[in-house]
1. Could you tell me the convex hull volume per residue, in Å³, taken over the Cα atoms of the stretch 29-97?
2. Which trypsin sites (Lys or Arg not before Pro) does the stretch 88-196 hold that lie in a coil by DSSP with at most 15 other beta carbons within 10 Å?
3. Calculate, in nm to one decimal, what D19 and V45 gain on full extension: separation in residues at 0.36 nm each, minus their alpha carbon distance.
4. For the stretch 81-238, what is the relative contact order in percent, using Cα pairs closer than 8 Å and at least 6 residues apart in sequence?
5. Report the per residue volume, in Å³, of the convex hull enclosing the C-alpha atoms of the chain.
6. Please work out how much accessible surface H157 shows to a 1.4 Å probe, ignoring ligands, DNA and RNA, in Å² rounded to 10.
7. Count neighbours as other Cβ atoms within 10 Å of each site's Cβ, and list the trypsin sites (Lys or Arg not before Pro) in the stretch 1-98 that are DSSP loop with at most 11 such neighbours.
8. Give or take rounding to whole Å, what are the principal axis extents of the alpha carbon atoms in the stretch 64-198, in descending order?
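The values are calculated or read from the model by the stated rules, or taken from the named source; none is laboratory data. Only a predicted model underlies this, so the values are computations on that prediction, with no experimental measurement involved. Cβ atoms come from the backbone with ideal geometry, glycine included; neighbour counts cover every protein chain shown. We work out accessible area using only protein heavy atoms, side chains counted, and drop any ligands, DNA or RNA first. Shrake-Rupley method; radii C 1.70, N 1.55, O 1.52, S 1.80 Å.
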Amino acid sequence: MKDNEGPVTWKEIWERKGDVVSDDIELKDLIAIDGFDTGAGEFSVDSWLSLVEEIKLELDINGSHRVLEVGCGAGAFLLPISISGANVYGIDYSNPHIQLCKKIMKSGIFRTSEARNIPFEDSFFDAVISNSVFQYFPNLEYAEKVVCEIARVSKKHGRVALLDINDASKKDEYELIRRSALGDDEYDRLYGSLSHQFYEKEWFERIAINLDLKCEVRDQDIVGYKNSKLRYNVFLKK
């Protein structure tokens, strides 16, 4: 039975957050809608823009490229990339978020879809990004299907950034920091019936070998983002 105080699944949480009626939406609002507004997950606009620019340079994104974000949410990550001239595409299982993306980035292409079934053809994208999404997948089998799908839709020599991955070796510290940031009562109210998925770094390395992808795993270091020291980034190249 559902708790009357709030939703009990991640999808319900995101669909509630994405159900926005205002037309006056700025980047800071998209960042909040995408969940980077409280506790250890809070992000300033300046730090956000710095992160996006860093990833653009890492993936060598230019104005002619097709860029897909898997789990794009309300489009906070894609909006600065779109403004720079790249062709942006996004998928998310939350339809309210996809509708926001369509409203804000009219030249982009956005579809409501599960991450394990990317609705685009093989070898279509120059770059694929998935930011702070893998922790919401139900299990490792699902996550592996997502990586396989990302590899499928990436062009030869295409680049991939899987960002903000929960480090399995820091799981206990992760919960402690998040509880201290929100308080036990609020943490239990928000997340008591929910769980996050954690990953060993070697898991991504093994998947990359199986898919014949180059793989580099890097620790995060984002100023002001408290989750940063508990997570890492994975860069793949086809």
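1. 91 Å³
2. On the way: sites: K102, K103, K106, R111, R116, K145, R152, K155, K156, R159, K170, K171, R178, R179, R189; in loops: K106, R116.
Listed in order of number, the matching sites are K106.
3. Extra length from D19 to V45 when fully extended: 7.2 nm.
4. On the way: 234 pairs, mean separation 34.7, N = 158.
Computed value for the stretch 81-238: 22 percent relative contact order.
5. Output value, Cα hull per residue: 120 Å³.
6. About 120 Å², rounded to the nearest 10.
7. Within the stretch 1-98, the qualifying trypsin sites (Lys or Arg not before Pro) (loop, at most 11 other Cβ atoms within 10 Å) are K2.
8. Projected onto its principal axes, the Cα set of the stretch 64-198 covers 47, 30, 23 Å.
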